[in-house]
Amino acid sequence: MNFVSGFASGFALTTSVLYITVTVHRATRLEQRRQIREQVHQINWLAASAGAYDRRFLPEHKPRNLEDVESSKESEITIKDVLKHRWNQEVGNFARNANGNRWEVVKDAASRGWDDVLRLVKKD
């Protein structure tokens, strides 16, 4: 395995691991945020001052039944949905960049870079 392919594969592995780590961390934070908001809502309902002395002013709170739980599970954000969304964003960005680039400029920059690398290698 030569240097370029070893470097490219190491870079790909490292960026993949970092990307997956960041995505899992973000999904975990989103789930924690959802749970905290739900808990804050329940605490606010329990501590509502309007209903503390007169239960007629107590805010309405419907107990969850099985249908509500099933519908909330369908609306929950899963890691699969987050990964799918991020993948679609990356593909869209890549397509926009590929469509907006002038490939002659990219080819010229790559050839200049290659010439610089050859000059450095032959210098030693």
Subject >> Per-residue HN-Hα couplings for the stretch 79-84 [Karplus 6.51, -1.76, 1.60; θ = phi - 60°; Hz; x = Gly/Pro] >> reply: 5, 5, 5, 5, 5, 5
**OP:** Report, largest value first, the span of the C-alpha coordinates of the stretch 75-123 along each principal axis, in whole Å.
**Re:** 61, 24, 6
Original post:
How many percent of the alpha carbon pairs in the stretch 1-51 exceed a separation of 16 Å?
Top reply: 64
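Taking the Cβ-Cβ separation of L83 and V17 as r and a Förster radius of 22 Å, what is the calculated FRET efficiency to the nearest 0.05? The partial results should precede the final answer.
Details: r = 14 Å, r/R0 = 0.66.
Result of the calculation: an efficiency of 0.95.
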**OP:** Tally up the carbon and sulfur contribution to the accessible surface of the stretch 82-124 as a whole percent, 1.4 Å probe, everything protein left in place.
**Re:** 58
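For the stretch 75-123, what is the charge dipole size about the Cα centre, in debye to the nearest 20, if Lys and Arg each add +1 at the Cβ and Asp and Glu each add -1 at the Cβ? It would help to have the intermediate numbers written out before the result.
Values: 10 positive and 7 negative charges, 52 e Å.
For the stretch 75-123, the charge dipole is close to 240 debye.
So, for the stretch 75-123, what is the accessible surface per residue at a probe of 1.4 Å, expressed in square angstrom? Walk me through the numbers on the way to the answer.
Working: 4510 Å² over 49 residues.
Accessible surface, normalised per residue, equals 92 Å².
The values are calculated or read from the model by the stated rules, or taken from the named source; none is laboratory data. Keep in mind that this is a model prediction, so the values were computed, not measured. Note that each Cβ is placed from the backbone with ideal geometry, even for glycine, and that neighbours are counted across all protein chains shown. Heads up: the accessible areas ignore ligands, DNA and RNA and are worked out on the full protein's heavy atoms, side chains in. Shrake-Rupley method; radii C 1.70, N 1.55, O 1.52, S 1.80 Å.
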